[in-house]
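Enquirer: Supplied in structure tokens, the structure appears directly below.
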Amino acid sequence: MPSSSATPVPVPIPDRVAVLIGRQLPPHILQAEIAAENAVYNLRLCRSPEYREAREYCLSELAAANKILAAYNPRLIVKAGGRS
């Protein structure tokens, strides 16, 4: 029996299912989700101190996208470490 402290294993979603889910969301929510995922990806690239300004820009892009996502559904918020 697995312990309650075990982290859940992510289950891959087939492409056709992802397309069906995406069709139910408004276009501006899909754009915000894409922008948030891109900001998180770019944030991971900006680890060195000389990329401080780029890191701040990525964080502002992530915050703007999360504001749109949270207004639609708070469970869609994207964190820098992955989905919440």
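The values are calculated or read from the model by the stated rules, or taken from the named source; none is laboratory data. On a predicted model such as this, the values are computed, not experimentally measured, just so you know. Here Cβ is always computed from backbone atoms with ideal geometry, including for glycine, and neighbour counts include all displayed protein chains.
Enquirer: If only one of N42, N73 is surrounded by 10 or more Cβ atoms within 10 Å (Cβ to Cβ), among the polar types (S, T, N, Q) and in contact with a Cys (Cβ under 7 Å, 6 or more places away or on another chain), which one is it? Before you say what the answer is, go through the steps one by one.
Expert: Numbers: N73 fails: in contact with a Cys (Cβ under 7 Å, 6 or more places away or on another chain).
On inspection, the qualifying residue turns out to be N42.
Enquirer: Look through E50, E37 and report the one residue that is surrounded by fewer than 12 Cβ atoms within 10 Å (Cβ to Cβ), of a type in the set (D, E) and assigned to a helix (DSSP H, G or I). Walk me through how you get there before you give the answer.
Expert: Working: E37 fails: surrounded by fewer than 12 Cβ atoms within 10 Å (Cβ to Cβ).
Just a single option satisfies the conditions, and that option is E50.
Enquirer: Identify, please: which residue in region 53-84 is of a type in the set (K, R) and assigned to a strand (DSSP E or B) and is, among those, modelled with the lowest pLDDT?
Expert: Among those that are of a type in the set (K, R) and assigned to a strand (DSSP E or B), it is R83.
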